[in-house]
Every structure is written in C-alpha cells, then in structure tokens.
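Reviewing the structure listed below.
The values are calculated or read from the model by the stated rules, or taken from the named source; none is laboratory data. Note that the structure is a prediction, hence the values are computed from the model and not measured. All Cβ positions, glycine included, derive from the backbone under ideal geometry; neighbour counts span all protein chains shown.
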Amino acid sequence: MQPLARPLSSCSSSGQIFSLLVWGFLGLVALLPRPAQAEHDGKVQVLLLGDSTIEGSIPRITNPQGPHVEQMIELLAAAEGDLPPIHVINKGLSGEYIQRLIDSGRYDREVPGLPGIDYVFIRYGLNDHGRRMDFTTNFGPDFQGLIGRLRKDHPQAKMILMSVIPYFDEAGSEEINRIVRQVVEKEQLPFFDIYPAYARALQQQGANSLNYRRYPIDQVPEKYQALVKPYVHGERVVVMDNELDAVLGHLPGWYGDRHPNLAGYNVIAVETAKYLAEMLRAKKSAP
C-alpha cells in the first residue's frame, strides 16, 4: 500500500511559515548591535595616518614608556565612561607626504590588510608643502587619490580629514588647510580642524611650550658639553621641555624645531578624543 501523498496546500503552507521564520530571524539579527570586527573584537578600530605630527618618533626615543598619542586617545576615551572600548593604530611616519606614502609602497604594505577599520583620521600637508612638486596643483588630487584607495580597501570606515597644526606661520598653515577644506567639500567628508585648539594652547601656555628642543651637538659651546651629555641622541641634544632653556635658550635656533613634544601630542590626543567621542555618541543615539 503506497503512503498517502501530502496535500499540496499543506506543503505550501509549511514552506511559507518556514520562510517567514527565517526572514524574521534575519531581521532580528540585523537589528542587534554589531561589534567592530577588527584586531580586537568588540573594540572600535581607529587608524591614524599622517606625518611626524602623527607618529611622534622623538618622544618615543626620549620617553619610550609613553603613553604616546595613540595610547592617550585610548585612555581619554575610556575615561569618558560611556564610550565603547577603542583601539588606535598609529601609522604616521616622519617626513612622509601623500605621494611618498603611495609611491614607496608603504600604503600597500601597511594599510589595506588592517582588519575592521571603523575610523581613519588623516593629517597630511606639512611635508607635501615642502617636498611635493607643484604643491598647489598636486596636493588636492593626491589627497583625493588616497581617499579613493581607502574607500576601496576599507569601505566601512568613516574618514576624517584634519587640518595641520601650527607648525608653519599662520599664512603657511592656511595655504595647506585651504586645500584640505577644498578636498573635504569635494569628497563630502568630515573636517576636524585641530589648528585653532592647538594655537590656543600655544597662546595660553607659551610659544615654545608644546615643541621639543632638538639642537646639533656640535653647535653647543664646549663648556656645556658635559652638561648636555645625558640629553644627546645621535648627533643632537634632545630635550622634551624647557628644562635647559635657562642655560641654552640664548643659542641661535634653540627653539627652531616646531615638532610637538609630549605636551603637544597630548593636546592632539585630547582634541582627537573629544572629536571621536562626539561621533561615537552621535552614532549610539542615531535611530
């Protein structure tokens, strides 16, 4: 005796119910909060791209224990208490400009393979200004080319373009920042203007409060050679703050290096953490 065939209407009804259950489940999954899938699951992944004012190479030599700029951003974000944990990846490099980042192959080696990048803070312009042929014409397209690569390699990431800090005088800085703002407008990206906050800190704390002193050892008078010996790194005397200003501040060019010291990088970290916190809170409160 052959088994009774299942009614066609019953099969159809069961299939529809199953489909509804599957789609309902998928809909619920889509609504659940999704942790950042990156080097450390559950942490928001933040990439810093730029030159020496991102990298902070000299403070890493004089104060290897840190905390350095990327660690400070993490600590400051954690101190807020209401933000998700973050992991900051510092890919700044001293002397770098956008054309060299690409042509040297460093971008291809170090950036596309980073997993789960959520935010990219980008600050270029200082070295581009001095080293890129026909800076005024090429800097904007170079920046747009970098943005295109990042969009392809990290399509889920939100890119934030930054102004330069007051390394040059106001006019020189504005020449760079004007082009950055043009790129921001063309690419419809957020603009993080850190210049005013850094300039205010310099005004409040002193013109040389946020830069280290780096001075050729062979230009230090002989009578001070023994005194500066503990501060020598390579061919230069390197001091993070005003410790030797009373002794050597009269020397021509003693204050000439405008790179941030640890205090300067802390200003950058504070402002970056504030900016990031606003974005994370806005994302959290979005419907």
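Applying the condition of being within 24 Å of residue 139 (Cα to Cα) and free of Cβ contacts under 8 Å to residues at least 60 places away in the same chain to segment 191-226 and asking which residue is surrounded by the fewest Cβ atoms within 10 Å (Cβ to Cβ) yields 196.
Of everything listed in (1) without any contact (Cβ under 8 Å) to a residue 60 or more places away in the chain; (2) in a helix (DSSP H, G or I), the single unmet condition for residue 127 is (1). In a helix (DSSP H, G or I) and at pLDDT 95 or above - does that describe any residue in segment 153-164? Within segment 153-164, one or more residues are in a helix (DSSP H, G or I) and at pLDDT 95 or above. In this structure, does residue 143 turn out to be surrounded by 22 or more Cβ atoms within 10 Å (Cβ to Cβ) and in contact with a Gly (Cβ under 8 Å, 6 or more places away or on another chain)? So residue 143 does not fit the description; no.
For residue 42, state whether it is modelled with pLDDT of 95 or more and small (Gly, Ala, Ser).
Here the answer is no, as residue 42 does not meet what is asked.
Across segment 180-221, the qualifying residues are those that are assigned to a helix (DSSP H, G or I) and basic (Lys, Arg), and the one among them that is nearest to residue 130 (Cα to Cα) is 181. Go through the residues of segment 238-252 one by one and say whether even a single one is surrounded by 15 or more Cβ atoms within 10 Å (Cβ to Cβ) and within 30 Å of residue 146 (Cα to Cα). Taking every residue of segment 238-252 in turn, none turns out to be surrounded by 15 or more Cβ atoms within 10 Å (Cβ to Cβ) and within 30 Å of residue 146 (Cα to Cα). Scanning segment 98-129 for residues that are more than 14 Å from the chain's Cα centre (by Cα) and of a type in the set (Asp, Glu) returns 103, 108, 110, 128. Only one of the numbered conditions (1) of a type in the set (Asp, Glu); (2) surrounded by 17 or more Cβ atoms within 10 Å (Cβ to Cβ); (3) over 28 Å from residue 211 (Cβ atoms) is violated by residue 187, and that is (2).
Taking every residue in segment 80-93 that is assigned by TED's automatic domain parsing to the domain that holds residue 119 and farther than 12 Å from residue 276 by Cβ and pairing it with any residue that is part of a helix (DSSP H, G or I) and among the hydroxyl-bearing types (Ser, Thr, Tyr), at least 6 positions away or on another chain, the pairs with Cβ-Cβ distances below 8 Å are 92/52; 92/53; 93/52.
Among residues of segment 104-119 that are assigned by TED's automatic domain parsing to the domain that holds residue 48 and in a loop (DSSP other than H, G, I, E, B), those with a beta-carbon under 9 Å from a residue that is of a type in the set (Asp, Glu) and at pLDDT 95 or above at least six positions away or on a different chain give the pairs 104/96; 111/153; 112/153; 113/153; 114/153; 117/153.
So that you can scan it fast, the table gives a plain yes or no per residue for (1) in contact with a helix residue (DSSP H, G or I) (Cβ under 6 Å, 6 or more places away or on another chain); (2) at pLDDT 95 or above:
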| residue | (1), (2) |
| --- | --- |
| 17 | no, no |
| 20 | no, no |
| 50 | no, yes |
| 57 | no, yes |
| 80 | yes, yes |
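Applying the set (1) under 14 Å from the mean Cα position of the chain (by Cα); (2) part of a helix (DSSP H, G or I); (3) of a type outside the set (Ser, Thr, Tyr) to residue 177 leaves exactly one unmet item: (1). One residue stands out among those in segment 102-140 that are within 20 Å of residue 173 (Cβ to Cβ) and of a type in the set (Phe, Trp, Tyr): the one that is surrounded by the fewest Cβ atoms within 10 Å (Cβ to Cβ), which is 135.
Yes/no matrix, rows are residues, columns are (1) assigned by TED's automatic domain parsing to the domain that holds residue 166; (2) more than 26 Å from residue 172 (Cα to Cα); (3) not basic (Lys, Arg):
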{"residue": "190", "(1), (2), (3)": "yes, no, yes"}
{"residue": "194", "(1), (2), (3)": "yes, no, yes"}
{"residue": "197", "(1), (2), (3)": "yes, no, yes"}
{"residue": "200", "(1), (2), (3)": "yes, no, no"}
{"residue": "220", "(1), (2), (3)": "no, yes, yes"}
{"residue": "223", "(1), (2), (3)": "no, yes, no"}
{"residue": "227", "(1), (2), (3)": "no, yes, yes"}
{"residue": "232", "(1), (2), (3)": "no, yes, yes"}
{"residue": "239", "(1), (2), (3)": "no, yes, yes"}
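Please pick out the residue among 224, 167, 255 that is touching a Gly at 6+ places or on another chain (Cβ under 8 Å) and either in a loop (DSSP other than H, G, I, E, B) or not polar (S, T, N, Q) (or both).
On the way: 224 fails: touching a Gly at 6+ places or on another chain (Cβ under 8 Å); 167 fails: touching a Gly at 6+ places or on another chain (Cβ under 8 Å).
Exactly one residue qualifies, and that residue is 255.
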